[in-house]
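*Asks:* Structure in C-alpha cells, see below.
The values are calculated or read from the model by the stated rules, or taken from the named source; none is laboratory data. Model, not experiment: these values are computed from the prediction. Virtual Cβ from ideal backbone geometry, glycine too; neighbours counted across all protein chains shown.
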Amino acid sequence: MFSLFSQFSVRHTSHKILVLLVLSLLGFFLFVAMRESTLWAAASTAFVSVAAATGHDYGFGTDSAVSVATTTNGSQNGASFYSGSLRPQIHYSPPVSFMNDPNGAFVDANGTWHLYYQYNPTEIVAGNQHWGHATSPDLYHWTNHDIAISPDNEYEGIYSGSAVVDVNNTSGFFPNQTDGVVAIYTLNTNVSETQQLAYSYDGGYTFTKYSGNPVIDIGSTQFRDPKVIWYEDHWVMSIAYSHDFVIGIYTSPDLKSWTHASNISHVGFLGQQYECPNLVKIPMDGETEDTYLLIISINPGAPQGGSFTQYFPGTFNGTHFTAFDGAARILDFGKDNYAGQFFYDSDAHTPGGEPVFVGWASNWQYTQQVPTGPLEGWRSAMTLPRTARLINNASRIGYDLITRPYAELAPVKGAQLAQCDTVSNSSLQVNYANLTSGAVYFQVTVTNVPNNTLAMGTLNFTFTASGSGETLSGGYFFGGDTPFWVNRGKVLGLDNPFFTDKFSTVYLLPDASNTFVLEGVLDRSILELELGGAGARGSELGTLLAYPEARFDALEIASAGVNDGVSVVAEVWALNSVWS
C-alpha cells in the first residue's frame, strides 16, 4: 500500500466554511445539469469531493480535480456501469472511482469468494482509502457491495491488510458461530501506521472495529500490509517494515495479542520500500514435504520501473521462513501486476490444493494518469485469478512458480472462433469485430522443437484495432538469447514517459522438452500472457495494460522460418462478458 497519499493537511475553520459554500453552489449546479442528463439514474449519488473542490493535491501531479465519487457500490452492478470501450469484461474493476491493492481476500465455507480492495470512493486518484468489497461464486462473475470498512475521519486511511475466518472463535468475537470474519488492516495517519482489527458477524459484509485497537503499534509511519494465515495451532502474520527492507513475522493465539517471532531482511530487489508481503503454503510437484512461498512487492525500484512483485520459495516452521536459495524471482515480466494477495483458505477449494492469487493490474508510475479516469470514470482492475504451484525444473534456474487462470477460464469461455493445425510457416487471421465482449483467449502449441542450439524461426501475434490502425504485438524467437518480446508502443491511448512500450524476457525450453506453449488473454485494455512447455504451462507470466483509441477487433498468429517437422497449432476462443 503506497504510503505518501495519506499526508492530508489540516484546514482552518474559515477554510471549511468556504469549502461548504463552494460545495453547496457546485452541488446545486451539478443537480440542475445532471437531472437533464442520461447519466442521472446511474450517478444520482455522485457528489464533488472536498479535495477536488479545494484543489487539494496528493502530491502526484495527477488530474485530482476530476471527481466521480459515490457513496455506495452496492447498487452498481451490471452492464450500465461496465460498458465503456476500455472496461475489462472478465477482469474485476470497480464500478466507479479509483482502486488499487487487493485486500482481505478469502473464500467462505459456501464457496463464496470475497475480494476487498483499496478504494477511494470520492475521486479517480489515490487517497481517502477505504475497503471496497465484491463477492463471486466463481472468481469471474462479481457482485459489488457497499464499502466494508471506512476511516473514522478525513485524517485516517484504511490501508491494506487481510481477512480470515475464525472457525474456532480464537478471538472470542464469535461465541455462537463458526463463520465469523476478522479483518486485519493497517490504519494510516500522518503520524503512525498501526495494525487494527474489525470483525463481522454476517460473513464479511459489515464490520465492527475492535475496541482494543491497535493490536500492534511500534511507533512507526512505515509499518503496514499485514497478511495473516493459520499455522497448526496459531495465527501467523507477515508484515512490512517498509523503509527498513524487513518483513516481520508475528504470531498470535487469538488475533488480538501478537508476539514478534522473526525477521526476513534485505532479500531480493530492494527498490525504495517493501510492501504487501504474503506467506502461503504451496504445493510443489514431486515433493511431499510442506513448501511455502513468500512474495514481496516493492515500489518504486522495479527492474522495469515503478512497482513489481518478487517471490521466494522455502520452508516455514511456524515462526521462521527459510528460502531455498538466494535468488530473487520475478512474478511477472510485464509492468502491471502488483501487490497481489492469496485468498485465505483457497487451497481447500482447488483440485490440487493450489492457493489462489489475484494482483492489482497497474503500476504506480502511471496508474493515476491512465485514460479510463476522465473517459469512463474508473481506474484500475485486478489481474485474472490464478492458481499457483511450484516446480523444480532441474535447470540452472531451479524453482519456477507456475500460475494458471482459475478453472482454466471455464466460467467465461465462449465459442471457439478459430482453430488451425497448420500455422507452421503460415498464419491464422481472426476478425472478432462482432464479439460484444471484445475479450478473447488464444493458445499456440508448438511441438517437435529442436534444442535451443538448433531451433530456428519466429512465432508472432498481433492484435489490431481496425478503426485506428493501432497494434499490440509480441513474439518468440526460437533459439534466441532473449526469445520473447511484447510491444505496446503502437497503442496510442496513453502518452506517458513511464508507460514503457517494449518488454522482453528469456524463456528457454527445458532440455527434456520439445514443446512450447504461448497463451494470451486480451480483455479490451488488459493483456495477460503465459509462456510454458509440456507440463509447465504458465511458468512465465506477463501482464500489460494497453489503451487503444479504437477497440481491438482482429488477431493474427503467424510463424516463419521454423525448422522442418515443427508443428504449430493455434486456437482462438471468445470470452463472455461477466457483466452483460
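*Asks:* Of the residues that sit in segment 141-170 and are of a type in the set (Gly, Ala, Ser) and within 19 Å of Val236 (Cα to Cα), which one is surrounded by the most Cβ atoms within 10 Å (Cβ to Cβ)?
*Replies:* Residues of segment 141-170 of a type in the set (Gly, Ala, Ser): 148, 150, 157, 160-163.
Now narrow it down to the ones that are within 19 Å of Val236 (Cα to Cα): 160-163.
Details: Ser160: 29, Gly161: 31, Ser162: 27, Ala163: 28.
Checked segment 141-170; the qualifying residue surrounded by the most Cβ atoms within 10 Å (Cβ to Cβ) is Gly161.
*Asks:* Out of all the residues in segment 540-566, which are under 18 Å from Phe357 (Cα atoms), of a type outside the set (A, V, I, L, M) and either in contact with a Leu (Cβ under 7 Å, 6 or more places away or on another chain) or without any contact (Cβ under 8 Å) to a residue 40 or more places away in the chain (or both)? Let's see the steps before the verdict.
*Replies:* Of segment 540-566, the ones under 18 Å from Phe357 (Cα atoms) are 540-544.
Checking which are of a type outside the set (A, V, I, L, M) leaves us with 540, 542-543.
Scanning segment 540-566 gives Glu540, Gly542.
*Asks:* State yes or no: is Gly353 under 23 Å from Phe516 (Cβ atoms), out of contact with any His (no Cβ under 9 Å at 6 or more places or on another chain) and surrounded by fewer than 20 Cβ atoms within 10 Å (Cβ to Cβ)?
*Replies:* Details: under 23 Å from Phe516 (Cβ atoms): no; out of contact with any His (no Cβ under 9 Å at 6 or more places or on another chain): yes; surrounded by fewer than 20 Cβ atoms within 10 Å (Cβ to Cβ): yes.
Considered against the rule, which asks whether it is under 23 Å from Phe516 (Cβ atoms), out of contact with any His (no Cβ under 9 Å at 6 or more places or on another chain) and surrounded by fewer than 20 Cβ atoms within 10 Å (Cβ to Cβ), Gly353 comes out as no.
*Asks:* Next question, about the same structure. Hey, could you check segment 534-573 for residues that are surrounded by 20 or more Cβ atoms within 10 Å (Cβ to Cβ) and among the β-branched types (Val, Ile, Thr) and say which is nearest to Tyr406 (Cα to Cα)?
*Replies:* Thr543
*Asks:* Would you check if Ala323 is under 24 Å from His234 (Cβ atoms) and surrounded by fewer than 20 Cβ atoms within 10 Å (Cβ to Cβ)?
*Replies:* Numbers: under 24 Å from His234 (Cβ atoms): yes; surrounded by fewer than 20 Cβ atoms within 10 Å (Cβ to Cβ): yes.
So Ala323 passes the test.
*Asks:* Additional query: Which residue pairs have Cβ atoms under 7 Å apart, sit 6 or more places apart or on different chains, and have a first residue in segment 306-322 that is outside the structural domain of Ile249 (by TED's automatic domain parsing) and among the charged types (D, E, K, R) and a second that is assigned to a strand (DSSP E or B) and modelled with pLDDT of 95 or more?
*Replies:* none
*Asks:* Kindly list, by first and then second residue, each pair from a residue in segment 259-286 that is closer than 19 Å to Val215 by Cα to a residue that is of a type in the set (Lys, Arg), limited to pairs with Cβ atoms under 7 Å and residues at least 6 apart or on different chains.
*Replies:* Pro277/Lys227
*Asks:* When the residues of segment 171-184 are filtered to those that are buried (at least 20 other Cβ atoms within 10 Å of the Cβ) and touching an Asp or Glu at 6+ places or on another chain (Cβ under 9 Å), which remaining residue is farthest from Asp225 (Cα to Cα)?
*Replies:* Here the residue is Phe174.
Yes or no, residue by residue, for (1) farther than 19 Å from Leu541 by Cβ; (2) free of Cβ contacts under 8 Å to residues at least 12 places away in the same chain; (3) not acidic (Asp, Glu):
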{"site": "Gly373", "(1), (2), (3)": "yes, no, yes"}
{"site": "Asp400", "(1), (2), (3)": "no, no, no"}
{"site": "Arg404", "(1), (2), (3)": "no, no, yes"}
{"site": "Val430", "(1), (2), (3)": "yes, no, yes"}
{"site": "Val446", "(1), (2), (3)": "no, no, yes"}
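*Asks:* If you don't mind, there's one more thing I want to ask. Read through the list (1) out of contact with any strand residue (DSSP E or B) (no Cβ under 6 Å at 6 or more places or on another chain); (2) under 24 Å from Tyr199 (Cβ atoms); (3) of a type outside the set (Gly, Ala, Ser), then give the number of the only condition that Gln273 fails.
*Replies:* The failed condition is (2).
*Asks:* Of all residues in segment 495-507, how many are crowded, with 17+ Cβ neighbours inside 10 Å and of a type outside the set (Ser, Thr, Tyr)?
*Replies:* Residues in segment 495-507 being crowded, with 17+ Cβ neighbours inside 10 Å and of a type outside the set (Ser, Thr, Tyr): 2 in total.
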